[in-house]
Amino acid sequence: MRDRFCLTLLMTAILFVTVPLFSEEILMQNAPTQSTVSPSRMNDSSTKLQKELTAKYGAQQKERLDRGLHQVAEFWRTDDGDAAAFEEFVRTNFAGDQATLDTMFNRFQSMLEQLDGHMHEITREFNQQSDLDLGPVLPFDEAFAGYDPSAHVLDDFFNNKLAFTVLLNFPLTTLDQRLKDGPNWTRRQWAEIRLAQRFDKRIPADVNLAIAQAGAESSQYIAQYNIWMYHLLDPQGQRLFPPKMRLLSHWNLRDEIKADYSDPQTGPAKQRMIQQVMERIVTQTIPQIVINNPAVDWNPYTNEVKPAVVKDSDATTESRPITNAPEPDTRYATLFKTFNASRKADPYSPTARTLIDRRFQEDREIPEARVKAMLEQVLSSPLVAQTAQLIQTRLGRPLEPFDVWYNGFRPGSQYTEAQLDEIVAKKYPTAEAYQKDIPNLLMKLGFSPDRAQHVANNIIVDPARGSGHAMGAGMRAEKAHLRTRVEKTGMNYKGFNIAVHEMGHNVEQTFSLNDNDYTLLQGVPNTAFTEALAFVFQGHDLELLGLPAPDAKSQAEKTLNDFWATYEIAGVGLVDMSVWHWMYDHPQATPKQLDQATVQISKDIWNRYYAPIFHKNDVVLLGVYSHMIDSFLYLPDYPIGHMIAFQIEEQMKKAGSIGPEFERMAKMGRITPDLWMERASGRPVGPEALLEATQRALSATP
Ligand SMILES: [Zn+2]
C-alpha cells in the first residue's frame, strides 16, 4: 500500500470538484464538439439581455446579472444552442429577486444532497463484496467495484443546463477572492461559493480521457518498478540481501533503509547500497535490464551487470541481451506525458489555468507561495541541526544522506504488543462488540452522553477485508461506516489502533454533514484536516483501553520522529513543485532535458537545506519519490499534513477536552484551510505548532 493518507473515502466531497483522473468510465465517452458560439454573437446577446433584465428586475441586480452572463458565456458551446437559445435560457433562469434566489439555492442544495448521497450509496453497495470480509470476490464483483455511477454527472448537468442555471445565478471565485473576502462572508455565501465551484470547469471528454490514460500509464510504470535485492552485489561480490526480496521503488526501498537501522552489523552497508540504487534511478543511469528482473546480478557501484548465478524466482527469464545500457529516460518521458495531458485541461479551467494552480488554488486552497514559505521555514529551522546532532549521537557516527530516513525516534511502551493484543481481543471479540462500545469510547474522549449517543447512532461498524477504512455518508439519511479488521480470535491491538483512527474520521464526517448548517459545506478544507482529526483520536487509543497515556518521553520521541519526517518530505515537496514549474516553462523539452533538470533541481535543494546538515553536496535522493512521476503534484500535501496535525493537536491540549472542541471544529465544514484553522486555533495554517512542539521535545530529550 502506498504511503498516502489512509484510505478515507471522501468521495462525495470530490464528486464534482476534481477532474476524474483515473476513472475508466470516461473511456467510453465520445468527444463533443468544443467550439463556442461566436464571441461577437454572444456579446450582442449579453448586451441585449443586460438592458432587458435590468429594466425588469431593477438596477440592484445589474452586477449579479453581469457576472452571470459572463459565467454562462464562458462555458457555452455551439451544441448548447444558438444565440436565441442562449437568450431564452437566461430569460427563463435568471433569479431576479431574493425570494426566487433563495428558493433556487435551497432546492439545489437539497437535490444535490440527494444526488451525492444516492450516488455514494450505490458506490458503497457495489463495493461491499470487495471492501468487507464476506467471502470470495468473484470477477464480476470487481467490475461492480470499478463502476462509478457518477462519472457522467458533470456532463449531464451541462447538457441539461442545470450547471448553467448555477453559473447564471451564483458566483465563481478565485482563491484570492476566497482568501481576501472569505472571512467576511456569511455561511450562506460560503455555501453559494461551493455550489458554483462544482461547475467551474467543463473539460471535454477527450481531454479527460488523455489525462486518465497518462495517469494509468504512469501508475503502471511505477507499479512494476521492482528491484530484486538478492541480485545486488557489493564491491566484494557479496549479496547483502536475502533471496526473493523484491522491493518496489521508492516505498519499499525507503522502508528497507528504515528497517536496516535495527541491524548494526550489515545495516549501514545495506543502506548505502540502497542509496546508490536510488541515485541511479533518479539519474537514469540504472541499467534497463535490472529493473524488475531476477535474471541478472548487478553491482550498483560499478554498474556491472552479469547473468544471475543464483536463482530465487520462478519468473520466466527473458532472452534480452545482457548489457548495462541505461534506462532510456523512461522515468522522465512518463512524467512528461502526465504534464502534457494535464496541460490539455488548462483552457477549460478559467479560474485555475494550470495544473499547478488547480492543485494549490482548488485542491489545497493555500497559495503556492505560502506553501513554499512554510516548507522553507521548516527546512531552514535551527531545530534541524539540533535534531541532527541528537541522531548523530544516537547512531555514534557522522550522518550519511540516507539518514534523512532515520527512524530511531520511538515512543516506548510499557506494554508488549502481545499484552495489548490480549487486552483488545478480550474487549472486542467481534465487530458488534466494538459497535456497542462507541458511545462509551466517545465519552472517554470528553463528549457528553447526549453527543456521544448522537454520533454513535450515525456510525455502522462493518468487518473489513483489508486493514480498515472510514466511509462517510453523502446525505443525512445515510450513516457513516467504520470498516474494521476483526480476526477469528477477536480484534488485535493494531486493528484497534486503526479502528480508533477511522472512528475519528466517522465522527468528523457525522458532525460535518449532519450538524453543519449547510450540506453544501459538508466536509473539511482538504484531506490533511480529516487526517489530523483522526490522529487526535488515534493518539488516545491507550486511554480508551483504560491504560495510562503515553508519558512525556514517548510523546517527545513521537514529536521528533514527526519533525524529522517533515524535514525530509518538505524538500521532496519543493522538488516536485520546481519540476512542475520547469515543465510549464519548457513545454517542448525532451525526456533527457527533463532528466537533467530534475537532477539539478534535486541537487540545488539538497545543497541548500541538507548539505549543511549532512556535509555532502550534490545528492539527488530528493528526486526518488514515485509520486513525482504518477501523482500530479501531490507531494506537498505530506508536509502540510504534518503541520496541520500539530496545530489541531496543540489546540486540543489547550482546550483541555477533546469532545466539544472536536465538534466545534468539525462543524465548520469546507471553508478555506486558513480560515478554518484561524477559527479553530487562532492562527492560519503554518509550521509554528510543529516547531514549538519540537523545541519542547528537544529540551526534554537528553
Ligand atoms: Zn485516515
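The values are calculated or read from the model by the stated rules, or taken from the named source; none is laboratory data. All of these numbers come straight from a predicted model, not from anything done at the bench. As a convention, Cβ positions derive from the backbone with ideal geometry for all residues, glycine included, and neighbour counts pool all protein chains shown. These area figures cover heavy atoms from the full protein model, side chains too; ligands, DNA and RNA do not enter into them. Shrake-Rupley method; radii C 1.70, N 1.55, O 1.52, S 1.80 Å.
Being of a type in the set (A, V, I, L, M), surrounded by 23 or more Cβ atoms within 10 Å (Cβ to Cβ) and within 16 Å of the ligand (Cβ to nearest atom): is that true of residue 499 here?
Yes; evaluated as a whole, the condition is true for this residue.
For residue 683, all conditions in the list (1) over 27 Å from residue 442 (Cβ atoms); (2) part of a helix (DSSP H, G or I) hold save one; what is the number of the exception?
Every listed condition holds for residue 683 apart from (2).
Report yes if residue 235 is within 22 Å of residue 400 (Cα to Cα), in contact (Cβ under 8 Å) with a residue 12 or more places away in the chain and open to solvent by 30 Å² or more (accessible area, probe 1.4 Å), otherwise no. Give the derivation first.
On the way: within 22 Å of residue 400 (Cα to Cα): yes; in contact (Cβ under 8 Å) with a residue 12 or more places away in the chain: yes; open to solvent by 30 Å² or more (accessible area, probe 1.4 Å): yes.
Here the answer is yes, as residue 235 does meet what is asked.
Find the residue count for the range 619-663, including only residues that are part of a helix (DSSP H, G or I) and among the β-branched types (Val, Ile, Thr).
Result for the range 619-663: 5.
Within the range 465-494, take every residue that is open to solvent by 10 Å² or more (accessible area, probe 1.4 Å) and among the β-branched types (Val, Ile, Thr) and give me the one that is nearest to the ligand (Cβ to nearest atom).
Looking at the filtered set, the residue picked out is 486.
When both residues are 6+ apart or on different chains and their Cβ atoms are under 6 Å apart, which pairs have a first residue that lies in the range 74-101 and is in contact (Cβ under 8 Å) with a residue 24 or more places away in the chain and exposed (fewer than 12 other Cβ atoms within 10 Å of the Cβ), and a second that is of a type outside the set (D, E, K, R) and part of a helix (DSSP H, G or I)?
So the pair list comes out empty.
Out of 642, 586, report the one residue that is under 25 Å from residue 403 (Cα atoms) and either in contact (Cβ under 8 Å) with a residue 40 or more places away in the chain or not basic (Lys, Arg) (or both).
None of the other options fit; the residue is 642.
Among the listed residues 621, 574, 547, 560, which satisfies the condition of being in contact with a Leu (Cβ under 6 Å, 6 or more places away or on another chain) and at negative phi?
On inspection, the qualifying residue turns out to be 574.
For every residue, the table says whether it meets (1) touching a helix residue (DSSP H, G or I) at 6+ places or on another chain (Cβ under 7 Å); (2) closer than 30 Å to residue 250 by Cβ.
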{"residue": "407", "(1), (2)": "yes, yes"}
{"residue": "435", "(1), (2)": "no, no"}
{"residue": "453", "(1), (2)": "yes, no"}
{"residue": "461", "(1), (2)": "yes, no"}
{"residue": "478", "(1), (2)": "yes, no"}
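Looking at (1) assigned to a helix (DSSP H, G or I); (2) of a type outside the set (Asp, Glu); (3) open to solvent by 10 Å² or more (accessible area, probe 1.4 Å), which one does residue 413 not meet, given that it meets all the others?
(1)
Among the residues of the range 416-464, write down those that are open to solvent by 30 Å² or more (accessible area, probe 1.4 Å) and of a type in the set (A, V, I, L, M).
The answer is 418, 423, 443, 460.
Looking at (1) under 20 Å from residue 235 (Cβ atoms); (2) open to solvent by 60 Å² or more (accessible area, probe 1.4 Å), which one does residue 314 not meet, given that it meets all the others?
(1)
Write out, first by first residue and then by second, each pair whose Cβ atoms fall under 7 Å of each other, whose residues are 6+ apart or on separate chains, and whose first residue, in the range 40-69, is among the charged types (D, E, K, R) while the second is not in a helix (DSSP H, G or I).
56/96; 67/171
Looking only at the range 502-538, which residues are farther than 30 Å from residue 423 by Cβ and within 15 Å of the ligand (Cβ to nearest atom)?
512, 523, 524, 526, 527, 528, 529
May I ask you to say which residue of 162, 179, 209, 195 is open to solvent by 20 Å² or more (accessible area, probe 1.4 Å), farther than 18 Å from residue 359 by Cβ and within 24 Å of the chain's Cα centre (by Cα)?
That would be 209, the only listed residue that is open to solvent by 20 Å² or more (accessible area, probe 1.4 Å), farther than 18 Å from residue 359 by Cβ and within 24 Å of the chain's Cα centre (by Cα).
Considering the range 284-298 alone, what residues qualify as being polar (S, T, N, Q) and open to solvent by less than 20 Å² (accessible area, probe 1.4 Å)?
If the condition is that a residue be polar (S, T, N, Q) and open to solvent by less than 20 Å² (accessible area, probe 1.4 Å), then 284, 293 are the ones that fit.
For every residue, the table says whether it meets (1) crowded, with 16+ Cβ neighbours inside 10 Å; (2) within 19 Å of residue 165 (Cβ to Cβ); (3) in contact with a helix residue (DSSP H, G or I) (Cβ under 9 Å, 6 or more places away or on another chain); (4) among the charged types (D, E, K, R).
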site	(1), (2), (3), (4)
50	no, yes, yes, no
55	no, no, no, no
121	yes, no, no, yes
137	no, no, yes, no
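Can you find even one residue in the range 622-631 that is surrounded by fewer than 21 Cβ atoms within 10 Å (Cβ to Cβ), polar (S, T, N, Q) and over 23 Å from the mean Cα position of the chain (by Cα)?
No.
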